[in-house]
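Let me begin by presenting the structure, written as structure tokens, before commenting on it.
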Amino acid sequence: MKKIAVCLSGCGVFDGAEVHESVLTLLAIDEAGAKAICCAPDIDFSVIDHLQKKPSGETRNVLAESARIARGEIVDLRTVRAADVDALVFPGGFGAAKNLCDFADKGAACTVNHEVERVAGEMLAARKPIGAICIAPAMLARIVCKKDLHPKLTIGSDEATAGVINQMGAQHCPCAVTDMVVDEKHKIVTTPAYMLGRGPAEVYQGIRKLVNQVIALA
């Protein structure tokens, strides 16, 4: 059975992992007969009140919040090694651009959390596939392009974000929410999800294709 690491970034679209995207990723992995290994970095983050859509003044822990999505079955990202899994997937949500890296604040000049960059780097070195959903491809662009690799990626059709991805050295490819972009050379698969999606049904079409392609490449 293939083991797919799913790196979460909290719980909630505005300050963590997008819940629909995360759950649909886990569903697609389960339907494909693979095993999801949920993981997250053990770091703190500032909280957005999702009802008021404004900062709450609180801080919470990414690993503890991600455990809500994983039903408690989650490991600290620092314990994850490429040798122990067959593929790696990053669901989207603002946490991918805020907690796993600082793309939300710094754009093309962003830096990535050390453990996230380490695990993704190990996967690239081992020629094991990586999937990135929604805004997460922007973070992945920073990691991959630092290694002088120039992958094909998508976040959908947002010209501003696509321009920043190209600025980092990747090649942005427009893509519909129900589809994906596959970079076979680097074994990277991306899909727009809620960067374009109107609801779970069409978002799931792209996520399911991504997961199946990632598993096929593993």
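What follows draws every value from the coordinates through simple rules; no lab data is involved. Nothing here was measured: the structure is a model prediction, and the numbers come from that model. Counting neighbours? That spans all protein chains shown, and the Cβs are built from the backbone with ideal geometry, glycine included.
Tabulated data for the structure shown
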| quantity | calculated |
| --- | --- |
| Restricting region 25-54 to residues that are among the aliphatic types (A, V, I, L, M) and assigned to a loop (DSSP other than H, G, I, E, B), the residue that is farthest from residue 204 (Cα to Cα) | 43 |
| Criterion: touching a residue at least 60 places away in the same chain (Cβ under 8 Å) and in contact with a Phe, Trp or Tyr (Cβ under 6 Å, 6 or more places away or on another chain) - qualifying residue of 110, 134 | 134 |
| Failed condition for residue 127, given (1) charged (D, E, K, R); (2) surrounded by fewer than 18 Cβ atoms within 10 Å (Cβ to Cβ); (3) touching a residue at least 12 places away in the same chain (Cβ under 8 Å); (4) farther than 28 Å from residue 75 by Cα | (4) |
| Residues that are buried (at least 18 other Cβ atoms within 10 Å of the Cβ) and of a type outside the set (S, T, N, Q), drawn from region 106-116 | 107, 110, 112, 115, 116 |
| Test: residue in region 7-22 that is in contact (Cβ under 8 Å) with a residue 60 or more places away in the chain, within 28 Å of residue 125 (Cβ to Cβ) and surrounded by fewer than 14 Cβ atoms within 10 Å (Cβ to Cβ) | no |
| Residues of region 67-97 that turn out to be touching a residue at least 60 places away in the same chain (Cβ under 8 Å) and either more than 19 Å from residue 163 (Cα to Cα) or touching a Pro at 6+ places or on another chain (Cβ under 8 Å) (or both), as a count | 15 |
| Unmet criterion (only one of (1) surrounded by 12 or more Cβ atoms within 10 Å (Cβ to Cβ); (2) within 25 Å of residue 4 (Cβ to Cβ); (3) touching a residue at least 24 places away in the same chain (Cβ under 8 Å)) for residue 63 | (3) |
